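*Asks:* Below are the structure tokens for one structure; questions will follow.
The values are calculated or read from the model by the stated rules, or taken from the named source; none is laboratory data. On a predicted model such as this, the values are computed, not experimentally measured, just so you know. Here the Cβ is made from the backbone with ideal geometry for all residues, glycine too, and neighbour counts use every protein chain on show. Side chains are part of the model used for accessible areas, which takes the heavy atoms of the whole protein and leaves out ligands, DNA and RNA. Shrake-Rupley method; radii C 1.70, N 1.55, O 1.52, S 1.80 Å.
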Amino acid sequence: TDCCFLSTLKKRFIREIFSSDKVINIDQIEVSKLDLSKVEIRREWKNIDILIIFDDIIICIENKIYSKEHSNQLTRYKEIIKNEFPNKRQSFVYLTPYGDSSEEETESYVSLSYYYIIEVLDRIIEIYDESLIISVKQYIKDYLTILRREIMGEDSLSQLSKRIYYNHQ
């Protein structure tokens, strides 16, 4: 069941990316057929935050939390992917807390938010609650707490801090 949970999470994330009109040559039917056990994930490869590699599909993810894009980095990453993986179908994601659009690559980068990731994890925990191993469920809940507090500033402690600040400026 933990395996089923992870598979569902991966497919929902990938389906969201491929549902964008910015991604061409990859459709929803193919997502359901992807073999997720044969995926390769690279972090910080050639300064690209996350690279997800399937047999003939590659997803390049630029993760922006506390900074903005700079120095034509998204265009450079796109060129790196095109040169390094010319035979793979390519898609590009710009991941930010609120799903902001890229300023320099609006036509090719799919905007995705941490709100969406939180929503998917919350929903999956709700669905698989009874079947998840306790340690896995706790890990996911801890991750959600970190996302809400550190990335979105929305946990109860952060909300209380904001109220105190505004009341006593």
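*Asks:* Please go through the range 60-110 and pick out each residue that is hydrophobic (A, V, I, L, M, F, W, C) and modelled with pLDDT of 90 or more.
*Replies:* 60, 61, 74, 80, 81, 85, 92, 93, 95
*Asks:* Also, quick follow-up: How many residues are part of a helix (DSSP H, G or I), surrounded by 11 or more Cβ atoms within 10 Å (Cβ to Cβ) and out of contact with any Ser or Thr (no Cβ under 8 Å at 6 or more places or on another chain) when one looks only at the range 70-93?
*Replies:* Residues flagged as part of a helix (DSSP H, G or I), surrounded by 11 or more Cβ atoms within 10 Å (Cβ to Cβ) and out of contact with any Ser or Thr (no Cβ under 8 Å at 6 or more places or on another chain) within the range 70-93 amount to 9.
*Asks:* Which condition does residue 149 not pass, out of (1) modelled with pLDDT of 90 or more; (2) surrounded by 12 or more Cβ atoms within 10 Å (Cβ to Cβ), if it passes all the others?
*Replies:* The failed condition is (1).
*Asks:* I would also like to ask the following. Please specify each residue of the range 98-122 satisfying the condition of being over 30 Å from residue 141 (Cβ atoms) and part of a loop (DSSP other than H, G, I, E, B).
*Replies:* Selection gives 101, 102, 103, 104, 105, 106, 107, 108.
*Asks:* Let me ask something else about it. Looking at the range 23-54, which of its residues are under 16 Å from the mean Cα position of the chain (by Cα) and either open to solvent by 60 Å² or more (accessible area, probe 1.4 Å) or of a type in the set (Asp, Glu) (or both)?
*Replies:* 40, 41, 42, 43, 44, 49
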